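What follows is a single structure, written as structure tokens, with notes after it.
The values are calculated or read from the model by the stated rules, or taken from the named source; none is laboratory data. Computed from a predicted model, the values in this text were never measured in an experiment. Cβ coordinates were reconstructed from backbone atoms using ideal geometry, including for glycine residues, and neighbour counts include every protein chain displayed. Quick note on the areas: whole protein, heavy atoms, side chains included, nothing else; ligands and nucleic acids left out. Shrake-Rupley method; radii C 1.70, N 1.55, O 1.52, S 1.80 Å.
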Amino acid sequence: MLKILILGSAAGGGSPQWNCNSDVSKAVRNGSNGTSPRTQSSIAVTANDDEWFLFNASPDLGSQILNNKQMHPKKNLRHSPISGVVLTNGDVDHVAGLLTLRERQSLTVYAHRRVHSVLKENSIFNVLNPDYVDRREMKMNQKFELRNKEGQAVGIEVEAFEVPGKIALWLEDESKGEDFGTEDGDTIGLKISSKSEKKSFYYIPACAKMTDKLADRIKGAEMVLFDGTLWKNNEMASSKVGEKTGQRMGHMNNSGDDGSIEAFKNLDVKRKIFIHINTTNPILLQNSKERETVELNGWEVSCDGMEINL
Ligand code: MLT
Ligand code: MN
């Protein structure tokens, strides 16, 4: 078995975003247009229905645990089904939830060395006491088995690979040129497989561009959870909530010739699901033409609490 639980389907800020009055954020607050609240980007995966790994730890992790009974303590006075965390980048929406995982609970945290180094430089993350929390480096393009703090394998294999992207927003350095000091490994995708039955899927919550290499990798995949941040590149400006384009933020748009819908057209991916969706994206509105287009092209729009069994 490989069970996937979508803990948070929204991009950084969530939907609604606390300070946003865009159509989607408003509709979520009003309960109109069939759009529900979405918390920030994270999924949980298990291969034994007992031990779960988080893939990214969102600032909303506390409420995500509360709202999903699979994440509740079960066995002892102190227990969590969460055995560890795998990080795909150092963005606030993907690492801030680590602070929720303090309280002397055994965990393993896997990340690229770039992300480990920023966690190390920020002493607030020292609340993750090394007596309880192992930090392990993920080497790119090398399959490995996830292990709990006791070193036991939990039946999940992971392979991490670099994808086009950007350094985390809070680490941008304008003096380093137009890519703000981005290096390889700042954004990664993951292939996640069950060890026993070889079920697998890809989790790529941020990606700035479809390359030939990435297309070859995911061709024919059973399922891909993919960066659904924006419908179009200039969406923040056209919805008058900001100036940054999707490209500037390290995200490819869903629509258009350079978008993900087009890029996936001939890849024969069996199940395509948008995740990490920004609150400005009209695909979040049930009755929008953009949602219709997405669905006509065989895509699903993830929502919080969605469970997938592969
Ligand atoms: C992003 O995905 O672009 C980031 O999460 C932005 C942010 O940190 O708010
Ligand atoms: Mn993000």
ask   = Roughly speaking, what is the stretch gain from I124 to N266, that is 0.36 nm per residue apart minus the C-alpha to C-alpha distance, in nm to one decimal?
value = 46.6 nm
inquiry  = Under the rule of at least 5 residues apart or a separate chain, name every residue whose amide H is placed under 5 Å from the amide H of V109.
reply    = V85, D134, R135, R136
message = Given a Förster distance of 22 Å, report the FRET efficiency between N30 and C303 from their Cβ-Cβ distance, rounded to the nearest 0.05.
response = 0.80
message = Treating only the Cα positions of segment 11-157 as identical point scatterers, give the base-10 log of I(q)/I(0) from the Debye formula at each q in 0.12, 0.13, 0.16, 0.21 Å⁻¹.
response = -0.54, -0.62, -0.89, -1.32
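Where only protein heavy atoms count, and the probe is 1.4 Å, what is the accessible area per residue for the chain in Å²?
Working: 13860 Å² over 310 residues.
Spelled out: the 1.4 Å probe surface of the chain, per residue, equals 45 Å².
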message = Using only the heavy atoms of the protein chains and a 1.4 Å probe, how would L171, L128 rank by accessible area, largest first?
response = L171, L128
request  = Taking every Cα atom in segment 82-203, find the radius of gyration and the maximum pairwise distance Dmax, and write them in Å.
outcome  = 14.9, 49
Segment 3-77: equivalent-ellipsoid semi-axes (sqrt of 5 x gyration tensor eigenvalues, Cα, Å) = 28, 11, 11
query = Using θ = phi - 60° and the Karplus form 6.51 cos²θ - 1.76 cosθ + 1.60, what ³J(HN,Hα) does each residue of segment 201-214 get, whole Hz, x for Gly and Pro?
reply = 8, 10, 10, 9, x, 9, 7, 8, 6, 8, 9, 4, 4, 5
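If you roll a 1.4 angstrom probe over the protein chains with everything in place, what fraction of the accessible area of segment 11-60 belongs to carbon and sulfur, to the nearest %? Please report the intermediate quantities before stating the final value.
Values: 810 of 1900 Å².
Of the solvent-accessible surface of segment 11-60, carbon and sulfur hold 43 percent.
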key: For S58, residues with placed amide H under 5 Å, excluding near neighbours   = G97
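As a check on your grasp of the helix formula, calculate [θ] at 222 nm for the chain: sum -39500 (n - 2.57) over DSSP H runs of n ≥ 4, divide by the residue count, round to the nearest 500. Display every interim value, and only then the final one.
Values: 9 runs with 55 residues, N = 310.
Using -39500 (n - 2.57) per qualifying helix, the result is -4000 deg cm²/dmol.
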request  = Treat each spin label as a single point 7 Å out from the Cα along the C-beta direction, and report the E222 to K139 distance in nm.
outcome  = 2.7 nm
ask   = Once you put a point 7 Å from the Cα of E172 and another 7 Å from the Cα of D258, both along the Cβ direction, what distance in nm separates them?
value = 1.7 nm
task = Principal axes first, then extents: for the Cα atoms of segment 131-275, list largest minus smallest coordinate on each axis, whole Å, largest first.
result = 49, 40, 25
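With r defined as the distance between the Cβ atoms of N234 and L77 and R0 fixed at 41 Å, what FRET efficiency is calculated, to the nearest 0.05? Walk me through the intermediate numbers first.
Working: r = 53 Å, r/R0 = 1.28.
Given R0 = 41 Å and the Cβ-Cβ separation, E is 0.20.
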Rel. contact order, % - alpha carbon contacts under 8 angstrom, at least six apart, the chain = 20 percent
ask   = Looking at this model, which pairs from K232/K272; K195/K270; K26/K270 are more than 24 angstrom apart at the alpha-carbon?
value = K26/K270
task = Using DSSP, restrict attention to beta bridges with both residues in the chain and report what percent are antiparallel, rounded to the nearest 5.
result = 50 percent
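Indicate, rounded to the nearest 5 percent, the antiparallel portion of the DSSP beta bridges found entirely in segment 32-143.
Values: 4 of 16 bridges.
Around 25 percent antiparallel, to the nearest 5.
Restricting things to alpha carbons, find the Rg to Rh ratio for the chain using the Kirkwood radius for Rh. Write out the running numbers ahead of the final one.
Working: Rg = 18.3 Å, Rh = 19.5 Å.
The Rg/Rh ratio comes out at 0.94.
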